[in-house]
Amino acid sequence: MSASSPAWTIVAGREHDRIVLLEVTSDGTELRRRTARRDELPAVIRAVEARAQAGHRWVWNDTPRWYPALLNAGVDVARCHDLRLCHAILRSSALVSDPADLRGATAWTAAAGDDSADDALFALEERAGVPDDPAEVRAEFARQQAAVQAATDPDRLRLLLAAESAGALIAAELHAAGLPWDSAVHDRLLTDVLGDRPSGGGLPSLLQARADEVRRALGDPQASLDSQPKLLRSLHRAGVAARSTSRWELAEFDHPVIAPLLAYKKLMRLLSANGWAWLAEWAPHGRFRPVYVPGGVVTGRWASSGGGALQLPRQLRPAVRADPGWVLVVADVAQLEPRVLAAMSRDIALADAARGTDLYEGIVAGGVVSTRQEAKIAVLGAMYGATTGDSGRLVPALRRAYPRAMSLVDDAARVGEDGGIVSTWLGRSSPPPSSAWQALQARASDADAVSGDDTAARRAARDRGRFTRNFVVQGTAAEWALAWLADLRGRLAALPAIEGEPAATRSGPLFSRRAHLAFFLHDEIIVHAPAAQAEAVAAAVRASAERATTLLFGGFPLDFPLDLRIADDAGKG
DNA sequence: AGTGCCTGCGCG
DNA sequence: AAAGCGCGCAGGCACT
């Protein structure tokens, strides 16, 4: 390592009309300070990136503040440290021994909780509240480094911060590249299911036909089908004594209105959530560009804002189509969360059950329950804290067969019920209980508590227990997925760009000639790749999954098998 | 007209 | 109406 090469380059913020960049060694020595006009930034960053040593990171206050403009200019970076996201992790991590300095830096806290700037239209704008002053940015980075160095387990935290920051880069890149979307396929699907698109303000023909059928069965030509209270009253008049209009409830009744009404609701849902209006707004030019929000969920999962990226119905998958000459590599992890639970609890018995490709069949083969369906609801019940019904009934069998795994989630639940903090494998910690929650518990344990207080407090405690029970598993699964994604991103960047003119330029200046991530959904990814690189990408996807497993869980004998296919569209399988 | 809550349903 | 976690969004509706 050359003494003059920076380990970090801090994009420290704005001073007058110029952006301040500080090159810093790993021990904090400042090597060089320079400034650039905003329009010069892509070229400056490209130049620094080109001569950076391995492991160099960009440090900046907020990835959406800087990175989209770089991507638009055709510049990407290998690594970054996102101060806003890392602050949010460190200030509440139980691994940080003395978070006082970080918690005192309230400007970063306010910014971390502010989602008003996550709107697609403002993604390029400055996010309200994120400090932009070079001295403050530098100080916050120093606070974070000190917190990590003094932490109980610095290596885990470093891995978590690196993964979280890589996620910030990937989220911006996913938006820039977009998911290839065939609007003709989407339109055909809508027309097939809903009927011809109305020219005026009316409903598509098949949807209208269903509505007519429902009103006939109700004997009420004026019945309102889209207002829950009105529909409920119409149903009551027709002799259907439902208490709600949800699908599960309606299915219990035997009445001629039920079938057409359920059909109507299904079609109406497609029209309002992902109909022609959605297509025009969110996938207008052959790409669906949702706004991803890394760290948007308490557990560390990503959220999304706009377009409903994380709720894309299976029904619409056929509209995800590769460009000509390109393919999609679609991969998801089978039973990610129970595998994560087995690994983090070091439960060899559960790891043995996961040995094949289907963990649930493995549980059946071990004689714990008798069918795959039972295994599935038992495992979900264990992770979610089910106490009643089929699921709750099966959990004790799991507790006998996999005591280590079950202790981990049972302990997490107990800590939560007691008002404590739990943490993921890499050290993301749950938020403390709200003051209202604490007040409720305090009131109930008071000597002269009213009788209602006690049951309310017990219920709130159990609710929180189910939350912390699930937090450790869902959060660690999110960490595995981030590690997978981050490693894969590096492997894809190392593949050669295609020669000649790109088949399409809709993925932006960087990704129109390079294999790139196009979609991410908790435990599933889609890579858009030149057809000639399909096998290389598939190998990279698998290798990254193995790397993520090793990074998190070392040599624990458990793998995370992928369901992987190479196809022109994402609708099969 | 803007807001915030409720219901219901899509995803993992 | 899910029993049992985490989300976002549309539409209706009550409120300001």
Quiz item: What's the extension gain from residue A:152 to residue A:445 if we count 0.36 nm per residue and subtract their Cα-Cα distance?
Solution: 102.1 nm
Self-check item: For chain A, alpha-carbon Rg over 2.2 N^0.38 Å
Solution: 1.07
Quiz item: Quick one: length gained pulling residue A:435 to residue A:38 fully straight, 0.36 nm per residue minus the C-alpha distance?
Solution: 138.5 nm
Quiz prompt | Stretchable slack from residue A:454 to residue A:94, in nm (0.36 nm times residue separation minus alpha-carbon distance) | solution = 126.6 nm
Quiz item: Distance in nm between label sites at residue A:145 and residue A:414, each 7 Å beyond Cα in the beta-carbon direction?
Solution: 4.2 nm
Practice problem: Would you mind ranking A:512, A:430 by Cβ crowding within 10 Å, fewest neighbours first? | Solution: A:512, A:430
Quiz item: Taking the alpha-carbon centroid of each part, what is the distance from segment A:23-71 to segment A:139-194 in angstrom?
Solution: 19 Å
Quiz item: Where does the charge balance sit around residue A:342 when Lys and Arg score +1, Asp and Glu -1, over other residues with C-beta under 12 Å from its C-beta?
Solution: 0
Quiz prompt | Estimated distance in nm for a label pair at residue A:521 and residue A:101, the labels positioned 7 Å out from Cα along Cα-to-Cβ | solution = 4.3 nm
Exercise. Amide H neighbours of residue A:94 under 5 Å, at least 5 residues apart or on other chains, H built in the peptide plane: list them.
Key: A:429
Practice problem: Just add up the charged neighbours of residue A:531: K/R +1, D/E -1, any other residue whose Cβ is under 12 Å from the Cβ of residue A:531. | Solution: -3
Quiz prompt | Under 15 Å, Cβ to Cβ, from residue A:465 - net charge with Lys/Arg +1 and Asp/Glu -1 | solution = +2
Quiz item: What is the Cα centroid distance between segment A:457-497 and segment A:417-444, reported in whole angstrom?
Solution: 19 Å
Self-check item: segment A:484-573: GluC sites (Glu not before Pro) in DSSP coil with no more than 10 other Cβ atoms inside 10 Å
Solution: A:499
Quiz item: Points 7 angstrom from Cα along the Cβ direction at residue A:238 and residue A:506: gap in nanometres?
Solution: 4.1 nm
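None of the figures in this text is laboratory data; all of them are computed from the coordinates on show. Not measured: the values here are computed from a predicted model. Counting neighbours? That spans all protein chains shown, and the Cβs are built from the backbone with ideal geometry, glycine included.
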